[in-house]
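Dropping the structure in here first, questions after.
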Amino acid sequence: MSSETQVGESPLLSQFRYGLRSEQIRGALRDVAEGWERRELWMTLGLQDVRQRYRRSKLGPFWITISMAVMVLALGLLYGQIFRQDIHEYLPFLAAGFVIWGLLASMINEGCLAFIQSDGMIRQLNAPVSIYAFRVLWSNLIAFAHNIWVFFAVALWFGVDFNWNLLWVPLALFVILLNGLWISLLFGLLSARFRDVPLIVGSIVQVLFFITPVIWRPEMLPGRALLLDLNPFYHLVEIMRAPLLGQPAQLTHWLSVLSILLVGWAVTFFFYSAYRWRIAYWV
Amino acid sequence: MASIQLENVSVSFPVYNAATRSIKNRIIQSATGGQIRADTTSQRISVVQALQDITLTLGEGDRLGLIGHNGAGKTTLLRVLGGIYEPNSGRISVKGLTVPLFDISLGMDQESTGYENIILRGLFLGLTRREIKARMEEIADFTELGDFLDLPIRTYSAGMQMRLAFAVSTSVVPDILLLDEGIGAGDAAFMHKARERLARFTEKVSIIVLSSHSDDLVRSMCSKAILMEHGQIVHAGPTDEVLERYREMRGF
């Protein structure tokens, strides 16, 4: 590659040109496909990540459920009062939104650390690097499987009308996870090179929590501001929250999420084929 | 047929420090680039040339020792062979199932039981759960750990953990084995048994590349050797000849 480097060109740029040859593009595709094939490995690692956090505690991973329940109840009772909401509708709404938000936020935050945290393994194991992104996804899915019961408990208590729309939920979850995969690959890669990225992303995600209708309802914002429609997280939350609460999600939300998926994967693919081979050097 | 072919392979490392890894500095750098260009060029990420123009061909039955002092590029070469580092330039073709065995206890989890760790270690070596279960009994027998295998390995002594790691790591026979400083195996009583297993194991592997500082280890395992310095191959040939050359270089 060094022979192709032009004088004065930034190494990142020359690597980029190098990475966009068909050989590298095929390599990136193979990396993700082979990563999927090693699923026994990353599923075990992901499970281990969750278990490690709660090792030797009596309740183990059910602390995830409990802390989510406490959070939802506390916030629900407080903000239900502040916003003067009917608790029967507000609490299920909050529980659904909060659980989905938890999945999205931790997928992004941990996605940034996907490669950084596994540096030892990356330098010793000849496995496709995408397994570390899959691992993050898997451990988040496990946490989500613990959290979602909080919603179901609240929903049952307040008599939310479960109906056939619930069938949209697995599909929505699947699409959210597909988004999570490109996010981990892309942000994991950027973070490996630039160590401020996880910090920047962390604070942006925190701000987004307040901008996204999770604790407040979209109707509370007068005139459905641009702020709402331009927020990708609004659509990501909504495709799953609406069916959980018994309504179909609007088509616009689905269309937005699908376009995020396409654009995200296109951008990621570009970066991933260009810089995937550098990850082992960066971590 | 296992084979390894390297053609003019070079690897250079960017050395990042906190300053070059931060976006702030990159942005400031590009913004002020006009005035202090002289400065920015010298601020450029320093690059370490870890491997230079390595050409190497290995085939069935080859046992290659890598010799050289610290920082000569031995480990980097092993990682290139294992597909962990993709070279900056040159061509590389490795055919056959390759297992890098740099740290035989890589991936073992202190809080998991011995059995769980056998599975975990096996997955790291590229086995499937089913394949590991099929070997489980044989591995468990070999470790002689008995009921301890049901306990978390943090309760094990260092030697016991070593036995476990050794037993699993030598249970898969790859086509190409990459070793950094051989494979240790714990206490003396176990040593004898381990040596037998290791001999049977290494016999079946078709290509072994071993990097080591121990002359005896290289001599006992490898028929060929290469001497490396500053990321280049300075001498290649039969093990004894290369070791001789290395001794001369060190000055005794």
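The values are calculated or read from the model by the stated rules, or taken from the named source; none is laboratory data. Just so you know, these numbers come straight off a predicted model, no measurement behind them. We place every Cβ from the backbone using ideal geometry, glycine too, and count neighbours over all the protein chains shown. The protein model used for the area step is the full one, side chains on, heavy atoms only, and it has no ligands, DNA or RNA in it. Shrake-Rupley method; radii C 1.70, N 1.55, O 1.52, S 1.80 Å.
From the phi of every residue in the range A:106-116, what ³J(HN,Hα) in whole Hz does the Karplus formula 6.51 cos²θ - 1.76 cosθ + 1.60 yield, where θ is phi - 60° and glycine or proline is x?
6, 4, 6, 5, 6, x, 4, 9, 3, 8, 4
Shifting gears a bit: Counting only protein heavy atoms and using a 1.4 Å probe, what share of the accessible area of the range B:165-230 belongs to carbon plus sulfur, as a whole percent? Walk me through the intermediate numbers first.
Values: 1390 of 2650 Å².
So the carbon and sulfur contribution to the accessible surface is 52 percent.
Here is a follow-up. Output the relative contact order of chain B, whole-number percent, from Cα pairs under 8 angstrom with separation of 6+ residues.
27 percent
For chain A, what is the calculated [θ] at 222 nm in deg cm²/dmol (nearest 500), taking -39500 (n - 2.57) for each run of four or more DSSP H residues and dividing by its residue count?
That comes out to -24500 deg cm²/dmol.
Per residue of chain B, what 222 nm ellipticity follows from adding -39500 (n - 2.57) for every DSSP H run with n ≥ 4, rounded to the nearest 500?
Using -39500 (n - 2.57) per qualifying helix, the result is -12000 deg cm²/dmol.
Quote the total accessible area buried by chains B and A together, excluding ligands, DNA and RNA, probe 1.4 Å, nearest 100 Å². Don't jump to the answer; show the numbers that get you there.
Numbers: alone 13560 and 14850 Å², together 25100 Å².
Its buried surface, counting both partners, is about 3300 Å².
Report, by chain and number, residues whose modeled amide H sits under 5 Å from the one on residue B:237, excluding near sequence neighbours (fewer than 5 apart, same chain).
B:225
Shifting gears a bit: Cross-link partners among lysines for residue A:58, C-alpha distance below 20 Å, same-chain residues fewer than 8 apart left out?
Partners found: none.
Once you average over the residues of A:119-130, how many Cβ atoms of partner chains fall within 10 Å of each Cβ? Don't skip to the end; give the middle numbers.
Details: counts 0, 3, 3, 1, 8, 11, 11, 12, 5, 1, 1, 0.
For this peptide, the per-residue mean of nearby foreign Cβ atoms is 5.
For the protein assembly as shown, build the charge dipole from Cβ charges (+1 Lys, Arg; -1 Asp, Glu) around the Cα centre, then report which of A:73, A:59, B:188 sits farthest towards its positive end.
Going by the Cα projections, it comes out as A:73.
Sequence gap at least 6, Cα distance under 8 Å: using those rules, report the relative contact order of the range B:101-211 to the nearest whole percent.
30 percent
With unit charges on the beta carbons (Lys and Arg positive, Asp and Glu negative) and the dipole taken about the Cα centre of the protein assembly as shown, which residue among A:144, A:265, A:212 sits farthest to the positive side?
Projecting each Cα onto the dipole axis, the largest value belongs to A:212.
Is there a quick way to get the dipole size of the protein assembly as shown? I mean about its Cα centre, with the Cβ of Lys and Arg at +1 and of Asp and Glu at -1; what is the value in debye to the nearest 20?
My answer is approximately 760 debye.
Please report Rg over Rh for the protein assembly as shown, where both radii come from the alpha carbon positions and Rh follows the Kirkwood definition.
Taking Rh as the inverse mean 1/r over Cα pairs, Rg/Rh reads 1.03.
Among B:206, B:217, B:232, whose Cα projects farthest towards the positive end of the dipole of the range B:189-232, with charges put on the beta-carbon of Lys, Arg (+1) and Asp, Glu (-1)?
The residue sitting most towards the positive pole is B:206.
How large is ³J(HN,Hα), in whole Hz, for each residue of the range A:160-173 in order, when computed from phi with the Karplus curve 6.51 cos²θ - 1.76 cosθ + 1.60 and θ = phi - 60°, using x for Gly and Pro?
Once rounded to whole Hz, the list reads 5, 7, 7, 9, 4, 4, 4, 5, 6, 4, x, 5, 4, 4.
I would also like to ask the following. Given H placed on each backbone N at 1.01 Å, which residues far from residue B:229 in sequence or on other chains put an amide H within less than 5 Å of it?
HN-HN under 5 Å from residue B:229: B:234.
Here's a follow-up. Just order A:65-71, A:205-211, B:167-173, A:131-137 by mean Cβ neighbour count inside 10 Å, highest at the front, would you?
A:131-137, B:167-173, A:65-71, A:205-211
Return one number: the angle in degrees, 0 to 90 and rounded to the nearest 10, between the long axis of the Cα atoms of helix B:129-143 and the longest principal axis of the Cα atoms of chain B.
The answer is roughly 70 degrees.
Next question, about the same structure. For chain A, what does the relative contact order come out to in percent, with C-alpha contacts under 8 Å and a separation of six or more?
Reported as a whole number, the value is 28 percent.
Calculate how steeply helix A:62-82 sits against the longest principal axis of the alpha-carbon atoms of chain A, using the helix alpha-carbon long axis, and give the answer as 0 to 90 degrees to the nearest 10.
60 degrees
Taking every residue in A:195-201, how many Cβ atoms of other protein chains lie within 10 Å of its Cβ, on average?
Mean shielding count: 2.
Which value, in debye to the nearest 20, describes the size of the charge dipole of the range B:101-211 about its Cα centre when Lys and Arg Cβ atoms bear +1, Asp and Glu Cβ atoms bear -1, and nothing else is charged?
So the magnitude is around 240 debye.
Taking all protein chains as present, what is the carbon and sulfur share of the accessible area of the range A:236-283, in % to the nearest whole number, probe 1.4 Å?
Numbers: 1350 of 1750 Å².
The value for the range A:236-283 is 77 percent carbon and sulfur by accessible area.
If you place +1 on the Cβ of every Lys and Arg and -1 on the Cβ of every Asp and Glu, how big does the dipole about the Cα centre of the range A:34-282 come out, in debye to the nearest 20?
Numbers: 17 positive and 13 negative charges, 155 e Å.
So the dipole magnitude of the range A:34-282 works out to roughly 740 debye.
What are the residues whose amide H is under 5 Å from the amide H of residue B:52, where those residues sit 5 or more places off or on another chain and H is modelled from the backbone?
The list, which skips near neighbours in sequence, is B:11, B:232.
Mind checking A:41-47 for the average number of partner chain beta-carbons within 10 Å of each residue's beta-carbon?
On the way: counts 10, 1, 2, 9, 5, 0, 0.
That works out to 4 on average.
Can you give me the angle between helix A:197-211 and the longest principal axis of chain A, using Cα atoms only, in degrees from 0 to 90, rounded to the nearest 10?
20 degrees
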